[in-house]
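I have placed the structure first, in the form of structure tokens, so that the comments after it can refer back to it.
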Amino acid sequence: MTKKIVVLYATAGIGHKKAALAVKKALDEIAPKTIEVSCLDSLDYTNSFFKWSYLKSYLLMVNKLPTFWGLSYYLTDNFFVNLIVSKMRRVSNWLNSKKLRQYLIKTQPEVIISTHFFASEVVSDMKRSGILQSKLITVVTDYRLHSWWVASNADIYVVAGKEAKADLVKWGVSEDKIRIMGIPIEPIFSKTLDNANILKRLDLKAGLFTVLVIGGGFGVGPIEEIIKEAGMISADLQVIAICGHNKQLVDRLNALKPALKAHLKVMGFVDNVYEYMGISDILISKSGGITVSESLAKEIPLIIIAPILGQETRNAEFLLSNGAAFKMEKIRDLKSIIENAILDRTHIEKMKLAIRAVKKPRACYDVAELALKL
């Protein structure tokens, strides 16, 4: 008899989707053929205006109004504010999730894995009302926990570390419901690769200190300023810039090459970022939950740029408190950070040891195995 597992995410930021797809890949790899696995965007099962506004309002706030987003993030994480806001949010989610509820009632999966609090809350309310009996696993995709992740009828919460576990306990969640497994990233990040072959195939120079700069899927952040600063440090430095879908940024960075001392390789969107991380010494990027988990899996120290106030600043605090990242206040600090890292390789090695203490590269498999046990 076929049993069903449904993995739900929401496209409010790419990280929730990437975590869900990572779990789906792990399940496809290890689940018996009697298990049917589906992976869905929960917002596809809402009305079109709700889906549009959910994503657009998020992108507007984090990209154009980051201070307002940060204030809202911390304000709604207050117990008394959340007490009021959560009721309105639950009503809104329930009114706009009719198609999602209908799908889940029809499908009746044994286990639901949710990587976004919207889906977790809808499923939790369905379980509360008795119209759904599925086990609910909520996978938190940041290193600290906001109150919106708490859904009273979740059976298990999967978190990145002891800090997020403590946050859940503070919100009244029983410890026996919490599993520290990490944030799911693609299975390939847990594999050992041939770096010498990768360097040759990617046309990169072996033996040079390598700095990887990632601007996310849309090439956001002060990437051009970073390349100008890092590119003037030394001819013994190799800089790789991944610009995502930002073609204009690719062109501007390529135009900088003649004026730089360092060797610069500019890329647009790539689907093998794990290879670039594996051959690099330092990563410069934002501190989204997935990026942080990927960098930890590849044991590459992170220089954090322009973290969004709220979840990204909390992720940055996690890395810094565990000795897994460099602190950079201003871009002009970049030169001294990289120069010191080149001169003192033992510092990088100490950071790699710190990273090994907190990394969880097999989180996708651990979540998949948990779902199969349930």
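The values are calculated or read from the model by the stated rules, or taken from the named source; none is laboratory data. Owing to the predicted nature of the structure, the values given are computational and were not obtained by experimental measurement. So basically every Cβ, Gly included, is an ideal-geometry build from the backbone, and we count neighbours across all protein chains shown.
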Legend entry - Close pairs from the stretch 75-102: first outside the structural domain of Phe49 (by TED's automatic domain parsing) and over 17 Å from Gly310 (Cβ atoms), partner surrounded by fewer than 12 Cβ atoms within 10 Å (Cβ to Cβ) and of a type outside the set (A, V, I, L, M), Cβ under 7 Å, at least 6 apart: none
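Please find, among Leu237, Leu253, Leu249, Leu264, the residue that is within 24 Å of the chain's Cα centre (by Cα) and buried (at least 19 other Cβ atoms within 10 Å of the Cβ).
Matching residue, one of Leu237, Leu253, Leu249, Leu264: Leu249.
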Inset, instruction - Could you tell me whether Ser152 is over 20 Å from Asp333 (Cβ atoms), touching a helix residue (DSSP H, G or I) at 6+ places or on another chain (Cβ under 9 Å), part of a loop (DSSP other than H, G, I, E, B) and among the hydroxyl-bearing types (Ser, Thr, Tyr)? - result: yes
Inset, instruction - List the number of the failed condition for Gly172; all other conditions in (1) in contact with a helix residue (DSSP H, G or I) (Cβ under 7 Å, 6 or more places away or on another chain); (2) small (Gly, Ala, Ser); (3) in a loop (DSSP other than H, G, I, E, B) hold. - result: (1)
Legend entry - Hey, Val23 surrounded by 14 or more Cβ atoms within 10 Å (Cβ to Cβ), under 30 Å from Ala306 (Cβ atoms), free of Cβ contacts under 8 Å to residues at least 24 places away in the same chain and in the same structural domain as Gln133 (by TED's automatic domain parsing) or not: no
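Here is a check on your reading of the model: is Leu21 in a strand (DSSP E or B) and more than 20 Å from Asn315 (Cα to Cα)?
Taking the combined requirement at face value, the residue does not satisfy it.
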Inset, instruction - Working carefully through the options Ile233, Ile226, find the one that is in contact (Cβ under 8 Å) with a residue 60 or more places away in the chain, assigned to a helix (DSSP H, G or I) and either at positive phi or β-branched (Val, Ile, Thr) (or both). - result: Ile226
Inset, instruction - Hey, can you tell me all the residues within the stretch 310-339 that are of a type in the set (Ser, Thr, Tyr) and under 22 Å from the mean Cα position of the chain (by Cα)? - result: Thr313, Ser321
Inset, instruction - Please enumerate the residues belonging to the stretch 23-44 that are in contact with a Cys (Cβ under 9 Å, 6 or more places away or on another chain) and farther than 17 Å from Lys373 by Cβ. - result: Lys24, Lys25
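Which one of Ala160, Ala206 is among the small types (Gly, Ala, Ser) and not assigned by TED's automatic domain parsing to the domain that holds His263?
Ala160
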Inset, instruction - Report whether or not Leu202 is more than 23 Å from the chain's Cα centre (by Cα), under 28 Å from Gly15 (Cα atoms) and surrounded by fewer than 23 Cβ atoms within 10 Å (Cβ to Cβ). - result: yes
